[in-house]
Every structure is written in structure tokens, then in C-alpha cells.
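Here's the structure we're looking at; comments come further down.
The values are calculated or read from the model by the stated rules, or taken from the named source; none is laboratory data. Bear in mind that the values here come from a model prediction, so they are computed numbers and not experimental data. Here Cβ is always computed from backbone atoms with ideal geometry, including for glycine, and neighbour counts include all displayed protein chains.
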């Protein structure tokens, strides 16, 4: 594959694009195939319009024919831009329900039932009556081992764990000293979160009184913006700092010292995603319009780690998702476009 | 992995037996035969092997009693079976893993190392077996677990398995590798012995010198005396003499040494610890390179080549793992024990579709990036910083929050990193402790979060304050009461029946948590306070009783013009809404019964009402 990089973003036969009428941020890939065709991948796209009316659209992608199909009926309104979208993960046991569930975060955590031709609101999780802490959410994560559990992170420094089957709060923890920006589940009862206070903390629901800081940004109070936990190898986590071109890889067994810092982006990094099936691969995308795939070696060379492969998009890449259902495909979002890249 | 199976068939059956015998004779941990792959020329892959190291004692009773030899063979076969079942599961993750006699949990670290070796593949010139094949000379690696990965790619694996010595030598159509968990210094005669044993059958090995089992502390190597090397040299040069009856041994420099094979084929395998308690001492230092000892006997010169001792202070190995943090230990063990998956490799299946990605080049970007005048991570920052506040327009925002955000963006770095973290953490813990203490002092509901604790404390304090005030004023009245005598008997009788004359009863039952709606007519009177003042000289008596928000005032005083209006005024100033007034005037004394209700949110104290009325009465 010795094609020059100039052509990489023009190769339309290997990357599939979808242009949306509005700028995109939130994106989710379904782990459940649509009932019509088992290979179809459903993608939810959240708009980013700095105003009240925003939309979430669902499109589907067929990897066989490399085509994207839009579904005008599978669309709903959302107040202000959704900060994150996520489909229900498959978890250990395949879900028996016939329709897919999509969760969105913004002012509250909302669940939507995605049927074949329509989307119905399923529930809204609002704990303002029972708690003083009910602030808008920056992110959330759906526990794939225990799919009834969703953890949300909020600007009021708390993380709330919901039992979505019962519709109640399992627990609410004051996780950090400042706004919490992202949360990720490791296991059924363990999650980690990152915050504006610059720390990555691990919490265990069995022992809510204690949390462990496993990393703090070197310049104190540099916010950590995103967190991703390697689901194939729970020892490793990745995080990105504000205004930094580095992807910091952490080993939970050795707190405070990152295992690796991937520093090959030419501008700050916006999104990271671990490979769903391999435990050593991670993809990152940033303002330098590049998406890089890295392979983490067991021992790194003296000059740092180089990426395995790269892709250049048309503009800054804001979002990245690695499909769990189709692990050969990575979805990226930049300005108004969503592109599917073959790994 | 199908080629693996085919390859095994090409390996002569006898070789397996020889491997077994060889490794048993010298009592090493394992023997592997790397054979040149049929499918991919120039590549070494697993041919056959025998595991002779430690195994976990099996709790299950063997159906058939096997002797030690057969047990060993069976074990090796089981390990192979397990490997095959795991790799089959890996290539088709949807399929259920075919059952094997062993499961990953049954293996020791060394067995695990042996099993993972099965997945390795080496190009000519790459890795220990590869270099052995290309050079045609044996390689003896001491301190294998500390070796650099360039030299020995499985060094980290070896470390966990405690494999300290690895020896490779070319043989037949491949390379034989032997490994042991002890540190055995180089002895070329050993290699010679093995080779002869392949042809001659079982022998016992008598070492020329004692095999020192060096500890891990010292990095001293035993450089073999050059003379020994010299005399061995002859035999090294012609390793083929001893083997007859096998396939014709081609010299090591055979057509398989193809240069310039791309590196893409090699797979660095990844794996996981399967132990129940993982070692905390895993070395994560990225550049660790303790000294290795490697002597490669060259045809040309007899000078042993050895890497110099690299002084390594081992600073990198000391981890900051808070071993005094038992909570985190439990979290870690829960996390790492729960993951049982074995991933055998980062297979990127090159399907029919070409990848969208290109290989990364260092100066890859031909077109340079436009100067980024805008904020970095603009959209991400908006999503995290601005969008949440769009929902709560200004409700949550406060000057401090804004200031904090700006400070974050300005990246102030004037605090000492380590001290700050620790002292912050201590402060937080102290705060939590104090909250717990507060909770224990305050009667409250079961909620244990900080907000509820503070709420309950506030309520409790207010409650106590009320009680104290009432008790104090009640004490005053008792003193006052003793000195005065009652005037109006019937008046007093109209008051509550629960107490005697001249007695002031304060019954206060505060149950702030029981907020059930109860009828006023019910017996339960939440707060009942009676103020009794009798002033005989002025014929003024005031009785105020409070039932929740309803005041019952019985008042008598000398009548004067306009006094009724004044009374009602005084009451309305106190936010009391007079609902019914019964009044009568006899002998110049006005007696009133007023029922009034609160129209505000805070209830005034009965004492306050009493005082106000008294003021009116005394104004004459």
C-alpha cells in the first residue's frame, strides 16, 4: 500500500461518506444488527448546533455494498447538542429484546427505543427531585457487563449510576473536585472518570468511600477531556489532555506513571477509541485532520511509539468510534461529514 | 493456524522422542523444534516441542496411572491441544471454544510461556531462532528474561515464566531451542552432547565444569575460556556428522536464507497473566535493558562477542504502586481476575477490501497543515464546557466557576505538584471523616450523603434553638407565676384541661420528620404552648395557645375605646389573620376569644404574641 497520502482522502472506494445538513459531534455505532439485514450497521449522529433545536438521525451502513442509507423517520429532536450517544451494548448475553436502545446525554440521560421505522422516547432519567445534584451531563457510559447500569458524568463534580431497568439512581458519588468530563466502565462494578481537576480516578461500587487516583496531569489542573478503557485488556486505559497532542496510555497497576505517551499528532487530539477485538490497538483522531492507528508494543523503542497507519480527513476530526459489530470499520466525524474507514 | 498442523507432520517422528530424551537428560524445562515452514519459505515456525517443567498439581485423579514419562508426554500434548483450541477460538470468535483437557487456569507461568511460544513465527535473521538459523551457529542466552527484545523477543514472557537460559542451535531443517528456569552459564559441550544424543540415544551428561546456578542479583557472567571455545570450534563447524539416519542435513547456509523478507509477517504475541495473584513487580520500564550474555562463536575468530554490561540502576522498576492501599488492591484483583479472554494476536484480517489507512511515515504529511488560528479542540471544548451550561442558563454558573474555568485554560502551574496532591487528598479525607461524625451526632434519616447530613443538621439545630428558647421563657414565667395570684378562675378553666391552675405546661413534641397531614381536631397536638400572665392590678390576662398554625388567644383587659382595633392590628402585624373574635364586656373588662391563623410562612412564638397583646393592654 504505497499510495501517497495526498490521495488518501480522495479514495472514495475505501471510505464511505455521509454528508449531514448540520455539523456533527455525537456519534454511536450499534452493536445490534438491524433486523432487515444482519450485516447492516446502524449509526446514530447527533448534531452540533449552538441553539436549542438539535437533532439526532439514524442512518445505516451496509459493508457489503459500501452504501449508506438514510432513514428520515428514524430521527428525533434533542434540546441543545447531545453530548454523547451510545447504543445498548450486547454484553455477555445477547439481548433478547427486539428493538435497539439508544441513550443520549444532555440535560438528562434519555433512552430511546429504535424500532424499524420509528424512534420512541423510552425514558428520561431525572433525579432533580431526589437530589440536589442534578446538573447537565458531559458524558456517560453503558456498562457492557451489566447492561442495566449506566454511569453518567456531570459538571457538578458528580457521577451518577443509574439502574435503567428500575429507573432509579443506584448511587451518586461526588467523584472529583471539579467538573467530570468523561466516565468509563471497566467491569460490572468498577468505573473510572476524568475531570477538570486533571485526575483519572477509579471507583468501585462495592467500596464507595474510597477512590484511587491513577494519574494526574503533569501541569496541575490541566483538564483531562476524554477517557477510554481497553475492554480487551483491562489493565490499560487511554486519556487525552486539554490542548495536548498526546494520547496518554495508563496501566492501572502502576498509578501515576503512564505506560506510554503517544505523541505523533501534529495538533491536539479530540477522540480516542480502543480496538474492540484486539488488546493492543488504539485509534486516535485530532485537529491535525488525521486519524492514527497505533499498536502498542510490549517494549517501546527509545524514540517513542510510531503509529501503524494513518488517514487524513478533510478537516479536524471531532469524533471517532470503532465499530464493535464490524471491527474492520472505524467511523469518524468532521465538520458536517461522517466517514466510515476500513481498517 | 492450519499450517502449524501440517508442519508438525513433516517433522520426523523420531525427532520428538529425541527432544524428549534430550531435555530430560539435561533436566531442562522445555525443548522446542522450530522448523522451516512449508507454506512460507524463510520463516520458522513451531514444529514440535516437549515441556518438561513445573506443572500445577492437578486435583483431579488420573483415570489411568501414568508413569512420569508418559505424564510428561501427555502434558505436552494437552498443552498443544489447548493452544489449538484457543487459536481456533480466536480466529472465529463467534464459535464456542472447543473444549480441551486443560484450561488456561491450570497452567503455570512456564507452561504458559511454552504455550505462547507455539504462536511465534520468526523470519530468518529475526529473533533467537531466526538468527541461529541464519548464522548457522548456536546461541546461548543467559538472563533471557532481562534480554532486550531485539535480541530475544520473548524476554518479557520469559520473565514471567522465570526462564533464565535459552539455547538455540540449528538442527535438521530448523532450529532446536532449549530453555530452563535456572541460570546456566554457557557450555558448548552441552550442545554437542544434545546433538550426539540425537543419534546415539540416551546418555547422561557430565558437565566439564560445575553448572553454577547464579542468583538474579549478580550480573556476572562466566566467560568460557577461549581455549574451550577453540577446541569446540571444530565440532561446531560440522554439526552434521553426528546425525545420520535422518533427513540429509543441509548446511545452515541453505537456500532458505533469503534476505529482504518483509517484516510484516512476524507477530508479536500478546497475552495475559492468568495467575490468581499477579505479581506487582512487573517491569514496565520501556527501556529496560539489563545486561545479557551472548556468545556467538564465529567461524573466523574465537573471540567471544559479548555485549557489555549495561549499568542499570533499576530505578525504573520500582513502581509507585501504593502497596499500603488495600482498597485499591481489591479493586485491581477484581478487575484482572474477571477477564479470562486470551487474545492471541492483533490479527488484522486483510479481507477483500483495501484499507482506508496508509502506513504511517514519519514525514508523512505531504501537505502541511494550515496554521491553526482557532482554538485547539474547539468542538470538544464546546461540548464539555459550554453545552452543559446552555441547559442551566446561569443557574449553576457563578463567578467562581467562571474564574476556575479561565484559570484552567490559563494553565496555572505554580503549585508544587506532589505536595499539593497529597495535602488535598488528606484534606478531602478529613472532611469526609468530619461529616461522618456530624452524622452520628444528629438524629437523621438513613441518607448518608453530605447534603442530607447538612440538611438534617440545620433542622436539628433550629429545632434545638426553639426548644431552648421555649424552655427559657417558660422558666421566666414560672418565676413570675409564683409571685402572682390568679384572678379569673373561669377564665383559666376555659383553657386546656390538661393541667392545673397556676401551672404552665409546655408540651412540645417536635417530630419534624413526621410530616403527615393530620386534622386539627385530632388529639395529636404537635406544638402546644401556653402563656399565662395574670396581672391582678390591671385585670389583664392573656392566654395564648398554639396549635400548628392556629392561635387561640384568650384575652381580657380593661376596656377602653378603640382597644379592639388595636388588638387586631397588633395581631396582623405579627402576620396573624383573625378569623373569629368573640368578645364581651362586663364590668368594664373586655374579654376576647380570638382564633387566628398564620398567613405567613414562619410561625411567631406564642411569647411574642403575648407580649404584643400585653403592650396593647397596658397602653391606657
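Here are a few things to note about the model shown:
- Residue in region B:465-483 that is outside any helix (DSSP H, G or I), at pLDDT 85 or above and more than 11 Å from every other protein chain (Cβ to nearest Cβ) present: no
- Filter pass, residue B:128 being in a helix (DSSP H, G or I) and buried (at least 23 other Cβ atoms within 10 Å of the Cβ): yes
- When residue A:297 is tested against the conditions (1) more than 9 Å from chain B (Cβ to nearest Cβ); (2) more than 16 Å from the chain's Cα centre (by Cα), the lone failure is (1).
- Restricting attention to region B:361-381, the residues that are buried (at least 17 other Cβ atoms within 10 Å of the Cβ) and either modelled with pLDDT of 65 or more or under 24 Å from residue A:27 (Cβ atoms) (or both) total 5.
- So residue A:292, is it facing chain B (nearest Cβ under 9 Å), part of a loop (DSSP other than H, G, I, E, B) and under 18 Å from the mean Cα position of the chain (by Cα): no
- Selected residue [more than 9 Å from chain B (Cβ to nearest Cβ), within 16 Å of the chain's Cα centre (by Cα) and buried (at least 24 other Cβ atoms within 10 Å of the Cβ)] from A:240, A:183: A:183
- Annotation note: Cβ proximity below 7 Å between a residue of region B:606-620 that is surrounded by 14 or more Cβ atoms within 10 Å (Cβ to Cβ) and a residue that is in a helix (DSSP H, G or I) (sequence gap 6+ or interchain) occurs for B:607/B:473; B:612/B:570; B:613/B:567; B:613/B:570; B:616/B:563; B:616/B:566; B:616/B:567; B:616/B:570.
- Residues within region A:120-160 that are in a loop (DSSP other than H, G, I, E, B) and either at pLDDT 90 or above or within 23 Å of residue A:188 (Cβ to Cβ) (or both), tallied: 11
- Qualifying residue in region A:186-196 (condition: free of Cβ contacts under 8 Å to residues at least 12 places away in the same chain, on the phi < 0 side of the Ramachandran plot and assigned to a strand (DSSP E or B)): no
- Any hit, region A:270-279, residues being without any contact (Cβ under 8 Å) to a residue 24 or more places away in the chain, at the interface with chain B (Cβ under 10 Å from one of its Cβ atoms) and surrounded by fewer than 24 Cβ atoms within 10 Å (Cβ to Cβ): no
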